Amino acid sequence: MGVHDNADSKYSLMGSGGGGSGFAKLPAKRPNTVVFGEGSPRNKLLKQQQLEDAKRLVSGRTQQQQQSEITDKMKISLQQQRKSLPVYRLKQKLLEEIRKNNTLIIIGETGSGKTTQIPQLLLSAGMAGSSGCIGITQPRRVAAVSVARRVAQEQNVPPGKLVGYCVRFEDVTSSTTRIKYLTDGMMVREAMTDEVLSDYSIIILDEAHERSVQTDVLLGVARRAQKLRNHKNMPPLKLIVMSATMDVDKFAKYFHAPAVYLEGRQHPVKMFHTKKPQDDYAFSALVTAFKIHRESPPNQDILVFLTGQEEIEAAAVAARQVVKLLEGKGYPQLKVFPLYSALPTHQQLEAFKPSAPGMRKLVLSTNVAETSVTIGGIRSVIDTGVVKARTHHPTTGLDVLRVEKVSKAQAWQRTGRAGREAPGKCYRTYTLEEFEKFKEMPIPEIQRCSLAGVALQLLAIGIDITTFDFMDKPPAESIDTAVACLEKLGAVKGSPPQLTTLGRTMSLFPLDPRFTKVILASVEHKCLEEALTVIALLSGENIFLDPPAKREQALAARSRFASDEGDHITLLNVYRSYMNAQQKKPWCHENFLHFRNLDYAVNVRKQLASLTERAKLEKTSCESNTECLRRALLEGLSENLAELQRDQNYVAVSSRHPVAIHPSSILYGTKPQLVLFTEVVLTGRCYIRGLSVIDPTWLKEKSGSSGKAE
């Protein structure tokens, strides 16, 4: 791994600049989110070092001090940190602007403190009234949870009281919560039962530039709630739209609101690009990380951006192996932390803890660490320039996650992570020429993914998706496809579309409508328990481990659970065995199964089960008669079928597009006449996995019964 050891570095250095700090009405220009520089004056660096040492002392890292002393000093340190943030210093001007405007757009540079401080300032200034709640939305659960915990710490209260958070499958709030961090999706779900969002006095839409589907829906839903309150003479709803980087003119026009600009406390960041394009970005990132590790002082932590759980877990295994090889060679101790949304909350928070004196942490993260969350101690960022983005696959009607290049705005955000607390460095594993070809802003997700779930949510709020005023309207074809999909599932009828009773029940579940239909159909087929299990497992990441060095043993272990009915029944067999195991972690290790992902599925299943109770669905089980489960799957996923042709190849029934069974499927190497699939994998060709064998006669029965119903 000596790619970097030559005197001639494979990275080239980028130019320098500087910046101050202040507050201004936003000029008509794209704000620069990061200040770059080759360094700063020596005395500034010395001051910075002294500040770091002081911080280390006041945050109570010296082990000789008594616990109470440490706690007191940490509180002092937290308050000192708060007061040093630009947003805190400018609070009077900022509060004045917020008071004057019902809607305000705040461009707050990285490090300005907007996400943690503005809600606290609004609460202490009495702007939320005596009992109103301040809701702050985040595109990702990791950000919502970690920021809420930080703010609770600053308020010196436990999470769930004055300060709480609410994310999918986890609600840590109470009747006394006044500052509530939640994901965009959870706020949209609240609007489904309360279209005017009456619990809130102020809603802060944070990281609005991310433009996920739920963000775009929420922008429209929050704006509509604000107007409805005005029409109904209800207490007004104040909206604040925040981001570090966004298309300001577009947002200002959509909300008819002024914008203010808040400069950040961004330290200089040295920029490096590779001199040549890299074939394997993950390998390049790890080589770079260990070069930094060998050359940097301890406690200067490293953050690497990768694309997803499997890639991060593989990189973590490789990194830990290298750490073992470096033991006893005079380098600081290195601890590796993965960070992605499917990780349980307590494990995500491990990455945010400061590294012990004399050590270093290496955080391997998806783009969850790109915005909002600050991971303390980071001095070097390695940006691979790629991200997993959701794209609608018209062949199958499913959304697929595809690795693609980030936008320039995302790349700048990643760079900013290196300069949050002190001067830092950013290593990009791509060339400057490659960077110049990146698009300026990410394409809004709403313009490139399935809208069936969005259409169902909007109809539950009482909004017709065909006329809804989106900031960026999705293609008409996507809207028509979404409505047609819901009609086939029996969730909507008529023109304009109206929710049916079935559709109203379906809207209770935070799932793809097709998966919800499977759950509802499973009641009729007497297999609700089994359907909940399989849908919960499909809602998370892959549960099977596939270590390259032990592939044969892993396949042998998997064969113990294999069913000739397909992957879904195999998943059910694994889950049943897992629930019967006394020692679950060792059992998973023996059977090459991912304990963390199975544990996540157990929690998701509990939540889904509680929703079925709310919907008053009858608890049923098919025991060993798993044909019932495959019939229920067909009810929701009848569009996802592939048929064997005379030439022994498969085509998707709905689109006639050629597909092939993925090698990881239990059915690989067999040739059933008809299969149902729940996942598409795009590599050189279009693979399908998550398969169940379907009896073609069931389709005739299905069409016969629907004909009678009509």
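Quick notes
- Fraction in percent of alpha-carbon pairs per bin - 10 Å, the stretch 169-255: 15, 50, 30, 4
- Shown here is the pair-distance distribution of the stretch 390-510: with all Cα-Cα distances grouped in 5 Å bins from zero up to the longest one, the shares run 2, 10, 17, 15, 14, 11, 8, 8, 7, 5, 2, 1, 0 percent.
- Among P696, T366, A549 the positive-end extreme of the charge dipole of the chain (Cβ point charges): T366
- Using alpha-carbon coordinates, inclination of helix 696-709 to the longest axis of the chain, degrees: 90
- Extension gain from V322 to A125, taking 0.36 nm per residue of separation minus the Cα-Cα distance: 65.7 nm
- Shape of the stretch 271-391, Cα gyration tensor, a/c cut at 1.5: oblate
- Potential lengthening between Q80 and D469 on full extension [0.36 nm per residue; Cα-Cα distance subtracted]: 135.7 nm
- In order through the stretch 307-321: 3J(HN,Hα) via Karplus (6.51 cos²θ - 1.76 cosθ + 1.60), integer Hz, x for Gly, Pro: 9, x, 4, 4, 5, 5, 4, 5, 5, 5, 4, 4, 5, 5, 5
- The share of Cα pairs per 10 Å bin across the stretch 83-262, counted from zero up to the longest distance, runs 10, 42, 40, 8, 0 percent.
- For K91, the shell of other residues with beta-carbons less than 14 Å away shows a net charge of +4, using +1 for Lys and Arg and -1 for Asp and Glu.
- Loop-resident sites, the stretch 550-620, for GluC sites (Glu not before Pro), counting at most 13 other Cβ within 10 Å (DSSP): E618
- Computed [θ] at 222 nm, deg cm²/dmol, the chain (DSSP H ≥ 4; -39,500 (n - 2.57); rounded to nearest 500): -12500 deg cm²/dmol
- Residue-wise HN-Hα coupling along the stretch 522-534, computed from phi with Karplus coefficients 6.51, -1.76, 1.60 (Hz; x: Gly, Pro): 5, 5, 5, 8, 6, 8, 4, 4, 5, 5, 4, 4, 5
- Degrees between helix 452-461 axis and first principal axis of the chain (Cα, 0 to 90, nearest 10): 80
- Cα gyration tensor category, rounded, prolate or oblate, for the stretch 509-697 with a/c compared to 1.5: oblate
- Derived scalar couplings between HN and Hα for the stretch 354-369 equal x, 6, 5, x, x, 10, 8, 10, 10, 9, 9, 10, 7, 6, 4, 8 Hz in order, rounded to whole Hz, by the Karplus curve 6.51 cos²θ - 1.76 cosθ + 1.60 (θ = phi - 60°), x for Gly and Pro.
- Exceedance of the 26 Å cut-off in Cα-Cα distance is limited, within the set K493/K616; K517/K702; K93/K180; K388/K671; K83/K335; K180/K408, to K388/K671; K83/K335; K180/K408.
- Normalised Debye scattering of the stretch 466-615 at q = 0.09, 0.10, 0.13 Å⁻¹ gives log10 I(q)/I(0) of -0.40, -0.48, -0.72, counting only Cα atoms as equal scatterers and leaving out solvent.
- In this simple spin-label model, placing a label point 7 Å from the Cα along the Cα-to-Cβ direction at both D546 and N156 gives a separation of 5.4 nm.
- Only the Cβ atoms of Lys and Arg (+1) and of Asp and Glu (-1) were treated as charged; on that basis the dipole of the chain about its Cα centre amounts to roughly 2240 debye.
- Remark on the chain: C133, C166, C426, C449, C485, C588, C686 stand apart, with no other cysteine beta carbon under 4.7 Å.
- DSSP beta bridges in the chain [antiparallel fraction, %, rounded to 5]: 40
- Only Cα pairs under 8 Å and 6+ residues apart enter the sum, and on that basis the relative contact order of the chain stands at 12 percent.
- Counted charge near K227, where neighbours are those whose Cβ lies closer than 14 Å (Asp, Glu -1; Lys, Arg +1): +3
- Volume per residue of the convex hull around the Cα atoms, evaluated for the chain, comes out as 180 Å³.
- Tilt relative to the chain, helix 67-84 - C-alpha long axis, 0 to 90 degrees, to 10: 80
FYI, it's all coordinate maths here, none of it is from the lab. Predicted model only: the values in this text are computed from it and were never measured. Cβ sites come from the backbone with ideal geometry, for glycine too, and all protein chains shown count toward neighbours.
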